[in-house]
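Undergrad: This is the structure, below, for whatever I ask next.
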Amino acid sequence: MTQVLSSAHNARLSNIPWEARPPDSSDIVWRYSKNPIIPRNAIPNANSIFNSAAVPFENGFAGVFRVDDKRRMMDLHAGRSADGIHWEIDPNPIMWQFDDPELSKLVHRYDPRVVWLEDRYYITWCNGYHGPTIGIGYTYDFKTFTFLENAYLPYNRNGVLFPRKINGKYAMLSRPSDTGHTAFGDIFYSESPDMIHWGKHRFVMGPKSWRWESTKIGAGPIPIETKEGWLMIYHGVLTSCNGYVYSMGAALLDLDQPWKVIYRAAPYLMSPQTLYECVGDVPNVVFPCAALHDSETGRLAIYYGAADTVTGLAFAQLDELIDYIKANSEL
Ligand code: BMA
């Protein structure tokens, strides 16, 4: 029995990528055995392809990928896949259409999230505009992309839209930050009547001292609506002797007032432990940006960046994950 609420954004996804939990594992989230699914050099000019988002599209899947090129410029590329595992990534970055030329200058675009919302796919990403902020754009077909606006003043990262309006307003999680490799970070909730103007900011949750998430946290995939609340998978950062360690965690947020945390799993769900998560351009990073789910089976497929270099896939059963969050919750 699945706990997902039935609505347009919680549809049947019978072709969800999937691999059963290995028999010798009791992990609540387990890795795809053929990880990484996207190598760093999947397109000619790439230095690395990581923190990226996938959604169901037509008979297969579409995605927006973070590609750092060999100049180490960060930009977004579109991609398509029949099975959600093998991807064709456009070698050229997305060319955005702009109403206002002020928005057109590329500084950097990275860490995309994609959501089907009402009638189109919205994309949010970390957008350089006199410092990092949250860019919002949309597409209907993953061919033509329109850049709507920057949601906030700098500095902000990890903008993640909810898949439907809440109390009649568009809703987004984000993480106010600073110019650099920010050493702090709380998750906030904001709402908007029109996707352009964002306000009524509410604190959701912050880091926890002496834990895997003691330095900063940021929302990951689009939240999934369940009977128990919004499932928010997120990343948390520990500052070790050897620098930052990025792991994956999860919490459940109130359905009508998502700034209220109902349950928060104290242990991480997945931390950097494999070679491709521990070794790369930035070692020890697991950075989830998307999750597919099938309402029928409760299967969950999580896309995550590994070591700021490659893209991995991990799996979970939604019911198990929710039970785990509740059983291991510390607010
Ligand atoms: C964060 C972001 C992510 C990156 C992570 C680890 O601040 O820049 O894109 O994966 O650091 O380097």
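Undergrad: Non-local amide H neighbours of Thr133 (under 5 Å, H modeled in plane, Pro and chain starts lacking H): which ones?
TA: Asn127, Gly128, Asn156
Undergrad: Please list 3J(HN,Hα) in residue order for region 61-70, calculated via the Karplus relation 6.51 cos²θ - 1.76 cosθ + 1.60 where θ = phi - 60°; whole Hz, with x for glycine and proline.
TA: Along region 61-70, the couplings run 9, 10, x, 10, 10, 7, 10, 8, 8, 6 Hz.
Undergrad: In terms of modelled amide H atoms, which long-range or inter-chain residues lie less than 5 Å from the amide H of Gly185?
TA: Long-range HN contacts for Gly185: Ile217.
Undergrad: Any idea how far apart Glu118 and Asp69 come out in nm if each label point goes 7 Å out from Cα toward Cβ?
TA: 3.4 nm
Undergrad: Please work out the Cα center distance from region 146-182 to region 290-309, rounded to the nearest Å.
TA: Here the two parts' Cα centres lie 21 Å apart.
Undergrad: Follow-up question, since we're still on this one. Using amide H atoms built in the peptide plane, which far-off residues or other-chain residues are under 5 Å from Ile37 H to H?
TA: Distant-sequence amide H within range of Ile37: Thr311, Gly312, Leu313.
Undergrad: Does region 40-135 come out rounded, prolate or oblate, given a ≥ b ≥ c as the square roots of the eigenvalues of its C-alpha gyration tensor, rounded meaning a/c under 1.5 and, failing that, prolate meaning a/b above b/c? Don't skip to the end; give the middle numbers.
TA: Values: a/c = 2.05, a/b = 1.18, b/c = 1.74.
It comes out oblate by the Cα gyration axes.
Undergrad: Compare Arg31, Arg80, Arg12 in a GNM of the chain, Cα atoms joined below 10 Å, and give the one with the largest fluctuation.
TA: Of Arg31, Arg80, Arg12, the Gaussian network model singles out Arg12 as fluctuating most.
Undergrad: For a quick check: sort Leu13, Leu300 by the number of other beta carbons within 10 angstrom, fewest at the front.
TA: With the fewest neighbours first, Leu13, Leu300 line up as Leu13, Leu300.
Undergrad: Okay, moving on. So which of Lys143/Lys165; Lys216/Lys326; Lys143/Lys260; Lys105/Lys169 end up more than 32 Å apart by C-alpha?
TA: Values: Lys143/Lys165 25 Å; Lys216/Lys326 22 Å; Lys143/Lys260 37 Å; Lys105/Lys169 29 Å.
Pairs exceeding 32 Å: Lys143/Lys260.
Undergrad: Determine which residues of region 115-133 fall in the zone a paramagnetic label at Lys165 would reach in this model, i.e. backbone nitrogen under 12 Å from the point 7 Å along Cα→Cβ.
TA: From region 115-133, the list is 118-119.
Undergrad: Now a separate question. Using the Karplus curve 6.51 cos²θ - 1.76 cosθ + 1.60 with θ = phi - 60°, work out ³J(HN,Hα) for each residue of region 183-199 in order, rounded to whole Hz, and write x for Gly and Pro.
TA: Going residue by residue, I get 9, 8, x, 10, 8, 10, 10, 9, 10, 8, x, 9, 6, 9, 9, 10, x Hz, with x marking Gly and Pro.
Undergrad: Of Val107, Val285, Val160, which is the most mobile in a GNM of the chain whose springs link Cα atoms less than 10 angstrom apart?
TA: It is Val107.
Undergrad: Is the C-alpha gyration tensor of region 46-328 telling us rounded, prolate or oblate? Criteria: a/c under 1.5 is rounded; beyond that, a/b larger than b/c is prolate, otherwise oblate.
TA: Rounded is the answer for region 46-328, as its axis ratio a/c remains below 1.5.
Undergrad: Let me make sure I get this right: for region 107-236, a, b and c are the square roots of the gyration tensor eigenvalues over alpha carbons, sorted descending. Under 1.5 in a/c it's rounded, otherwise prolate if a/b > b/c, else oblate. Which is it?
TA: Values: a/c = 1.72, a/b = 1.22, b/c = 1.41.
Taking the square roots of the gyration eigenvalues as a ≥ b ≥ c, region 107-236 is oblate.
Undergrad: Give me the percent relative contact order of the chain, please, defined on Cα pairs under 8 angstrom at least 6 residues apart.
TA: Dividing the mean separation by the residue count of the chain yields 19 percent.
Undergrad: Counting other Cβ atoms within 10 Å, keep those with at most 13, restrict to DSSP loop, and tell me which trypsin sites (Lys or Arg not before Pro) in region 108-146 are left.
TA: Lys143
Undergrad: Using θ = phi - 60° and the Karplus curve 6.51 cos²θ - 1.76 cosθ + 1.60, what whole-Hz ³J(HN,Hα) does each residue of region 86-91 get, with Gly and Pro shown as x?
TA: Karplus values, whole Hz, x for Gly and Pro: 9, 10, 9, 9, 4, x.
Undergrad: Among 66-77, 201-212, what's the highest-first ranking by average C-beta atoms within 10 angstrom per residue?
TA: Working: 66-77: 18.8, 201-212: 14.8.
Descending mean neighbour count gives 66-77, 201-212.
Undergrad: What FRET efficiency would be calculated for the residue pair Asp254, Asp323, taking the C-beta separation as r and a Förster radius of 22 Å, to the nearest 0.05?
TA: 0.75
Bear in mind these aren't lab numbers, they're just calculated from the coordinates by the rules spelled out. Since the structure is predicted, the reported quantities are computational estimates derived from the model, not experimental observations. A quick note on method: Cβ atoms are made from the backbone with ideal geometry, for glycine too, and the neighbour counts reach across all protein chains shown.
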